[in-house]
1. Could you tell me which of rounded, prolate or oblate describes region 61-187, using a ≥ b ≥ c as the square roots of the eigenvalues of the alpha-carbon gyration tensor, with rounded for a/c under 1.5 and, failing that, prolate when a/b is larger than b/c and oblate otherwise?
2. Provide the packing ranking of 124-135, 68-79, 101-112, 183-194, i.e. peptides ordered by the mean count of other C-beta atoms within 10 Å per residue, highest first.
3. Mind computing the radius of gyration and Dmax over the alpha-carbon atoms of region 58-112? Å is fine for both.
4. Kindly rank 154-165, 89-100 from highest to lowest mean number of other beta carbons found within 10 Å of each residue.
Amino acid sequence: MAHQAVASARGILGISTSSTSRSTPPRHHHVVSRPRARPATPRASPSDAASTSGGGSAIADYFATDKRPVILFDGVCNLCNGGVNFALDMDPPGKLRFAALQSTAGRALLRRAGRDPDDISSIVLVEEDAAYVKSDAVLRIATYLDTNPLFPIAGTFGPVVPGFLRDVLYDVIADNRYELLGMKDECRLGDDRFDDRFVQ
């Protein structure tokens, strides 16, 4: 009887232990998901930084050894190219240089002047320490064309007329320049007769 009682007790315990182990819920591993990494912000290369920070040394090179101002003009505009030819004829000493707005030099000098490098809407005169646009540029250029004394006089006294009035006339001509005299098939980047006058 005692053995049967022990056996019964063991059987009961075995069953209860078995049932307990089966009824114990399985352990779940709590996996902490890592937050997704944000895309890294691309770093500009030194060359990119130089080109986007205003040009720094690259732009300064245009005036490092040559201090002459640079006239930026629309290289495909016949009216603008006519103006360049006129300035070349009226400036035998070569006080002025020229660069197409669409050229590498033109785009860099536009940045130097604080303008969008894709903006070809206006003539720009870039000096080492200043820049002029629209009618101000035209009048400033006139002061360099002293072969004819009338031009410096016009350039000196022209600013007496308010700038917004002068620019209204300038904008009318500039906005219709292609309709007035048409366009060139190729952008004018230089002139064989005046190699030292054009910056590319």
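A short reminder: the numbers here are calculations on the coordinates, not readings from a lab. This structure is a prediction, so every number in the text was calculated from the model and none was measured. Every residue, glycine among them, receives a Cβ derived from its backbone with ideal geometry; neighbour counts consider all protein chains shown.
1. Details: a/c = 1.28, a/b = 1.04, b/c = 1.23.
Rounded.
2. Numbers: 124-135: 18.8, 68-79: 23.1, 101-112: 21.5, 183-194: 13.0.
Going by the mean number of other Cβ atoms within 10 Å, highest first, we get 68-79, 101-112, 124-135, 183-194.
3. Just the Cα atoms of region 58-112 yield Rg and Dmax of 11.6, 31 Å.
4. Numbers: 154-165: 12.0, 89-100: 17.2.
The most tightly packed comes first, giving 89-100, 154-165.
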